[in-house]
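Notes follow once the structure below has been shown.
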Amino acid sequence: MKETVLITGVAGLIGARFADWMISNKPSFDVIGIDDLSGGYMENVNPAVIFYNMDCCSAELKGVFEKHKPTYVFHFAAYAAEGLSPFIRTFNYTNNLLSTANIVNCCINNDVQRLIFTSTLAVYGYGQGGIFHEDMARSPIDPYGVAKAACEMDIEIASEQHGLDYCILRPHNVYGIKQNIWDKYRNVLGIWMYYHLNNQPLTIFGDGTQKRAFSYVDDCLEPIWNSAVLEEASKQIINIGGVKEYSIKESAETLKEVMGSGEFVFLEKRHEVHTAIPTFEKSIDILKYKHSTDLKEGLEEMWKWAQEQPKRDRFVWGEYEVEKGIYSYWK
Ligand SMILES: NC(=O)c1ccc[n+]([C@@H]2O[C@H](COP(=O)([O-])OP(=O)(O)OC[C@H]3O[C@@H](n4cnc5c(N)ncnc54)[C@H](O)[C@@H]3O)[C@@H](O)[C@H]2O)c1
């Protein structure tokens, strides 16, 4: 019998591209995929994946683990709308924290060899002068960051008490083909592509001096596999992604160059971290991360793909849990 890996969020950006990579590079493994299609698309899922349309919070998850007995679990499923999370608190904690607790239970009960969890830079909050080093204390400033920080701590406790092995990855601003470009609240580069395809200007919150280290998804795939199989990655927390920071304005200019045109419009500032400079030495030393794709090159690939996508309705929340303090552009 073949060994299996289980990928949650397999219809989303990282999950779908990682499944593609596994199928091309690790044919000795069967790939089991779970996704509730709340933020990803069935068209993204490689036909070789054994797919379950399922919410990670559901009791049925247990049956999938018992049937397939995965060696490694890659838990990517989440709703990563950081800026929106204060206005959808309950949804955020249910979808991001409770679903992870369900996954952790299943990993413990089925002797999974290692759980890979994608956390976020949001656990650092403001960091120290914008620097985010893995050794810093968690200090999130929004419910999304709190949920991910709680997941990380829960995994560490499961490791200490139940011997669950893990690697926690903190990716940053990942983009590329198969990203959701139809969600109004997340994925800035995808949002801009959607606007441009629909003859609207590119929106920038605040003055656009905010800095982010964008990461092309394909550069992250082999390092993600390494996080599961390398001994040195056991029980580590590792920032993963691009090694160069760009201001939001600079990245919009780069995308404009790629798309051939585009206007900008500056909107009300959000409650967000201004500068995010993650350290990357650990990802290079332990996971063998290589920054192979520059922003312009990655955007060229993604823009080509975006233009071939079907017309889809944009995802907009019908009702927020909290309206107080919500930004004018989300009302
Ligand atoms: N993309 C980034 O820049 C980035 C940065 C930091 C962290 N992360 C983390 O990496 C992971 C993957 O991110 P992504 O960019 O691929 O996101 P994505 O939205 O493209 O993919 C997430 C997938 O999870 C699915 N999903 C959501 N909730 C689910 C649930 N309860 N049950 C089953 N499926 C569910 C969605 O339908 C979607 O297909 C997430 O955990 C995210 O928090 C991403």
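Please treat every number below as a calculation from the coordinates, not as lab data. The structure displayed is predicted, hence computed values, not measured ones. Note that each Cβ is placed from the backbone with ideal geometry, even for glycine, and that neighbours are counted across all protein chains shown.
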Fill in the blank from the handout: Hull surface over four for the Cα convex hull of region 116-265, reported in nm², is 9.9
Completion exercise
Dividing the helical contributions, -39500 (n - 2.57) per DSSP H run of n ≥ 4, by the residues of the chain yields a 222 nm value, nearest 500 deg cm²/dmol, of -10000 deg cm²/dmol
Practice task
Would you calculate the volume per residue, in Å³, of the smallest convex hull containing every Cα atom of region 260-331?
Solution key: 211
Exercise for the section: Give the Kirkwood hydrodynamic radius (Å, one decimal) of region 1-64, defined as one over the mean of 1/r across all pairs of different Cα atoms. Expected result: 11.7
Handout entry: Cβ-based net charge around Met42, under 14 Å, with every Lys or Arg adding one and every Asp or Glu removing one
Key = -1
Problem - Kirkwood Rh, Cα atoms: Rg over Rh of region 1-108 - result: 0.97
Handout entry: Order by protection proxy (mean Cβ within 10 Å, highest first), peptides 174-187, 35-48
Key = 174-187, 35-48
Exercise for the section: Work out the P(r) tail for region 80-199: percent of alpha carbon pairs separated by more than 19 Å, whole number. Expected result: 55
Problem - Cα gyration tensor, region 201-331 - rounded (a/c under 1.5), prolate or oblate - result: prolate
Problem - Cα convex hull of region 92-155, projected area averaged across orientations, nm² - result: 4.4
Handout entry: Helix 248-259 axis, angle to the chain major axis (alpha carbon atoms, nearest 10°)
Key = 90
Handout entry: Violating pairs (Cα-Cα greater than 31 angstrom) within the set Lys67/Lys288; Lys148/Lys269; Lys2/Lys184; Lys62/Lys211; Lys211/Lys304; Lys62/Lys324
Key = Lys67/Lys288; Lys2/Lys184; Lys62/Lys211; Lys62/Lys324
Practice task
Please find, in a Gaussian network model of the chain (springs between Cα atoms separated by less than 10 Å), the residue of Ile103, Ile240, Ile50 whose mean-square fluctuation is greatest.
Solution key: Ile50
Problem - Share of Cα-Cα pairs in the chain lying beyond 27 Å, as whole percent - result: 41
Fill in the blank from the handout: Nearest 10, in degrees from 0 to 90: the angle of helix 295-307 to the longest Cα principal axis of the chain is 90
Fill in the blank from the handout: Over all viewing directions the Cα convex hull of region 182-222 casts an average projected area in nm² of 3.8
Exercise for the section: For helix 143-162, report the angle its Cα long axis makes with the longest principal axis of the Cα atoms of the chain; keep it between 0 and 90° and round to the nearest 10°. Expected result: 20
